[in-house]
Amino acid sequence: MDNTAVILAQRPQGLPNADDFALETLPLPELAQGAIRCQTLYLSLDPYMRSVIAGNHMGHGVDPGDVVPGEVVARVTESDAPDWPSGTLVRCQGGWQQFSDHDPAALSRVPSGLSRPSLSLSILGMPGLTAWAGMVQQAKVRQGDVVVIPAAVGGVGAMAAQLARRAGATTIAITSGAEKQRIALEMLGYAHCIDRVDQDLSEALARVAPKGVSVYFDLVGDPTLTTVAQQLAIGGRVVLCGLIKDYNGDHKTTGPHPGLWITKRAIVSGLVVYDYEPLRDQFESEFVPLVEAGELIANEEIHEGLAAAPDAFCQLMRGQNTGKVVISLEQ
Ligand SMILES: NC(=O)c1ccc[n+]([C@@H]2O[C@H](COP(=O)([O-])OP(=O)(O)OC[C@H]3O[C@@H](n4cnc5c(N)ncnc54)[C@H](OP(=O)(O)O)[C@@H]3O)[C@@H](O)[C@H]2O)c1
């Protein structure tokens, strides 16, 4: 049997292009003793992969010729392990390929009762966990807060906004384009939406948050970080979580001068979602029922087929996605 895979053809320079990747047919080796073979159903595309393929994501990366890594939801197709019989739905680091082999310790179960398994990569997966960690665990969002969220309709932003609104906060989206503004206001319930391209952020923020911003969930870095920080309320909370503008390697966020944090008496925290993995069961128990009841909305952008992954990733890194990007490999 063969395995279809997307490999890194060359390291991107600046914005990635589709020809930085190549679709290949690879031989599928014999399954090693004790290993479990999984067939990918859904592949998650995430901005952090840009630094993985640059070779420098938190101490690890990949080289040209390697299968591009990524988290997937998969179905077990071959297994001797009684706890992981064929047909079990799992979440694992399967990469951009049809089949992947794993040690059982590297597999996580997809929660039962999901209406579609892709939820385990979006609102109920790593991006949703990040949003919860930032909004609830770190910022401790509460009634009366004025919360600003850039990348407002993506995997993290969409969940963060809904959590803030449920806590009684006023939510302000920063996004781009008419379609994303519609999603922000009509689907995700933001109170206000600012277009980062067509509007002056500083002026618009002063208008919709005249008493200042109490929580800023930074998913993008500068120049947005510095502009929002200047309009922080006294005692404002800032969660530093993402630097999308820096990932393509043509920009370097510096952030505001520390003097600004001092005068604002700001509480600034850094977020790495891996630290919250031990709380994943608690997160799933609380949010699977709410998502399935329709009380929280998953804004997914689903592309069909592995061959669509390179273009979809390039669009994501250009800010052209309109939701959490997932590739479906289901027939
Ligand atoms: N620290 C952690 O553990 C952790 C975990 C998960 C995610 N993150 C970070 O959180 C951020 C959001 O992740 P996500 O998965 O939810 O992504 P996403 O929002 O689906 O996609 C990224 C979005 O960033 C916005 N953006 C703003 N400025 C941009 C620019 N100069 N170029 C390209 N895009 C720009 C775009 O949305 P608009 O057009 O709406 O502005 C784009 O759609 C990323 O920075 C990611 O790395 C961090």
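Within 19 Å of the chain's Cα centre (by Cα), among the aliphatic types (A, V, I, L, M) and crowded, with 22+ Cβ neighbours inside 10 Å, is that true of A169?
Values: within 19 Å of the chain's Cα centre (by Cα): no; among the aliphatic types (A, V, I, L, M): yes; crowded, with 22+ Cβ neighbours inside 10 Å: yes.
No, not satisfied.
Starting from residues that are assigned to a strand (DSSP E or B) and buried (at least 17 other Cβ atoms within 10 Å of the Cβ), keep the ones in region 49-74 and report whichever is nearest to the chain's Cα centre (by Cα).
Kept after step one, since they are assigned to a strand (DSSP E or B), are these residues of region 49-74: 57, 60, 67, 72-74.
Imposing the further condition that a residue be buried (at least 17 other Cβ atoms within 10 Å of the Cβ) reduces the set to 67, 72-74.
On the way: V67: 20, V72: 13, V73: 15, A74: 19 Å.
Out of the qualifying residues, it is V72.
Tell me which of these I297 doesn't satisfy, since it passes every other one: (1) at pLDDT 95 or above; (2) touching a Lys or Arg at 6+ places or on another chain (Cβ under 6 Å); (3) within 19 Å of G155 (Cα to Cα).
(2)
So A158 fits all but one of (1) part of a strand (DSSP E or B); (2) touching a residue at least 24 places away in the same chain (Cβ under 8 Å); what number is the exception?
Among (1) part of a strand (DSSP E or B); (2) touching a residue at least 24 places away in the same chain (Cβ under 8 Å), A158 violates only (1).
May I ask you to list the residues in region 292-317 that are assigned to a helix (DSSP H, G or I) and under 20 Å from V67 (Cβ atoms)? Show your work before the answer.
The initial filter retains those residues of region 292-317 that are assigned to a helix (DSSP H, G or I), namely 292, 306-317.
Listed by number, the residues that qualify are L306, A307, A308, A309, P310, D311, A312, F313, C314, L316, M317.
Tell me which residues, restricted to region 247-288, are within 11 Å of the ligand (Cβ to nearest atom), of a type in the set (A, V, I, L, M) and surrounded by fewer than 14 Cβ atoms within 10 Å (Cβ to Cβ).
Scanning region 247-288 gives a single hit, V272.
Would you please name the residue that is farthest from the ligand (Cβ to nearest atom), looking only at residues in region 201-226 that are surrounded by 18 or more Cβ atoms within 10 Å (Cβ to Cβ) and of a type in the set (S, T, Y)?
Out of the qualifying residues, it is S214.
Scan region 289-311 and tell me whether some residue there is within 13 Å of the ligand (Cβ to nearest atom), buried (at least 19 other Cβ atoms within 10 Å of the Cβ) and polar (S, T, N, Q).
yes
If you go through region 20-59, how many residues are basic (K, R) and at pLDDT below 95?
1
Just to be sure I understand the filter: pairs with C-beta atoms under 6 Å, separated by 6 or more residues or on different chains, first member in region 170-189 and more than 9 Å from the ligand (Cβ to nearest atom), second member basic (K, R). Which pairs pass?
T171/R165; G189/R165
So how many residues does region 151-169 have that are touching a Ser or Thr at 6+ places or on another chain (Cβ under 7 Å) and within 14 Å of the ligand (Cβ to nearest atom)?
Selection size over region 151-169: 5.
Any residue at all in region 140-148 that is modelled with pLDDT of 95 or more, assigned by TED's automatic domain parsing to the domain that holds G221 and within 12 Å of the ligand (Cβ to nearest atom)?
No, there is no match, as no residue in region 140-148 is modelled with pLDDT of 95 or more, assigned by TED's automatic domain parsing to the domain that holds G221 and within 12 Å of the ligand (Cβ to nearest atom).
From the list V68, V76, V72, V110, which residue is on the phi < 0 side of the Ramachandran plot, among the β-branched types (V, I, T) and touching a helix residue (DSSP H, G or I) at 6+ places or on another chain (Cβ under 6 Å)?
Testing whether each residue is on the phi < 0 side of the Ramachandran plot, among the β-branched types (V, I, T) and touching a helix residue (DSSP H, G or I) at 6+ places or on another chain (Cβ under 6 Å) leaves just V110.
Exactly one condition in (1) loosely packed, with under 14 Cβ neighbours inside 10 Å; (2) more than 10 Å from the ligand (Cβ to nearest atom) is not met by G236; state its number.
Result: G236 passes all but (1).
Can you tell me which residue within region 93-119, out of those that are out of contact with any strand residue (DSSP E or B) (no Cβ under 7 Å at 6 or more places or on another chain) and surrounded by fewer than 14 Cβ atoms within 10 Å (Cβ to Cβ), is farthest from G294 (Cα to Cα)?
Among them, the one singled out is D103.
Go through region 120-139 and give me each residue that's away from the ligand (no atom under 14 Å from the Cβ) and touching a strand residue (DSSP E or B) at 6+ places or on another chain (Cβ under 8 Å).
S120
The values are calculated or read from the model by the stated rules, or taken from the named source; none is laboratory data. Being a predicted model, the structure only gives us computed values, none of them experimental. Note that each Cβ is placed from the backbone with ideal geometry, even for glycine, and that neighbours are counted across all protein chains shown.
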